[in-house]
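Contents: one structure, followed by commentary.
Values quoted throughout were computed directly from the atomic coordinates according to the rules given, and no laboratory measurement underlies them. What you see is a predicted model; the values in this text were computed from it and never measured. All Cβ positions, even for glycine, are placed from backbone atoms using ideal geometry, and neighbour counts span all protein chains on display.
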Amino acid sequence: MMGALVRIEYAERLSPLDEVPVERVMRKILSQPDPVRLNVYYQGQTVGVARADIIPLSTQTNPAMEITSRLAAYRIQGELTLNLAIGDFPIKLRVNSESLVSRQLELERMSLRGAFNETRFSVRAETVDDKMAVTYDIGDGRGSRQLTYDQNMGIGLAQSLGLPASILPRTTAGSSAPGHTKAYFGRFSVAGTMQRAYLIETRLNEALWAKFWVDEGGQVLQAETSAGVVLRSDILEEEIIRREKEQEP
C-alpha cells in the first residue's frame, strides 16, 4: 500500500497541458452533490482528514437563510483535523468552517473556529468594498482589521474548506511576490491509470504553492502543497486498493 501511495504522491503529466479558465473548474467542483472528503498525509504518514459539504443555497428550505444570503450562491461547510509532529513540535489542529461564495465565485463571508494544540480560536471575515473585514479571537488576543483583498478563486475555495493559511497562502495587494492561480486540462497518470483531469495551480512565489487535481466531473482527486502536505480523496484511495488487489497472485 505504501508503495502505491508514494508512486502517486506527485501526479505525472503525460501530455502538454491546455490552459483553461479557473472559473470553469471551480464551477465543476461546486456542482458536485457529494461531500468532498480528503485524507491528509505528511511525509507518507496519515495525519488527518478534511471534509467539505457544498450546498447550493437554492436548495435551502430556511427562508431566513435566503434573506441573509441574497448575493451568495453556495454555502460551504468544512472540517479539518490534523495530528502530526514537525521535528519535536507536536501539532494538533481542529478547524470547523462555514463560508458563503457568490455566483461570481468570490468569497463573501467566512467563519472559522477550532483549536491549535491547547489554544482555541475563532475568526470571522466578510468582503466589504473589495476588502476583507476580519475579526478574531485567538487565545487571550482579540481584535479586528481590514485587509486589502485580491480575490483568488482557487485559494479562496480551499480556504473555505478550512485549510490553514500556512498551507495555502493568499496573494494580497502590495505583496512583493506576483502570485497567481491558473488552471489546466490534460492527461495524467493518476493511481497508475491514464486519466484526463484538470490541474489548478496556485502560487505565491517559488517557495509557496498548492496544486489540485480534479477529474472531468468535478471530483477533487488530490492536492499537494509546498508545506509537504498531501491530500487525497477516498475515490483515489479506493482505486489504489482495487489495483493492488488485481495485482495479487
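Kindly put Arg145, Arg51 in sequence by how many other C-beta atoms sit within 10 Å of each C-beta, fewest to most.
Arg145, Arg51
Using a Cα-Cα cut-off of under 28 Å, which lysines could be cross-linked to Lys92, ignoring same-chain neighbours fewer than 8 residues away?
Partners within reach: Lys211.
If neighbour count is taken as other Cβ atoms inside 10 Å, put Met132, Met110, Met194 in order from fewest to most.
Met194, Met132, Met110
Grab the other residues whose beta carbon is less than 12 angstrom from that of Arg37, score K and R as +1, D and E as -1, and report the net.
Combined, the nearby Lys, Arg, Asp and Glu give -4.
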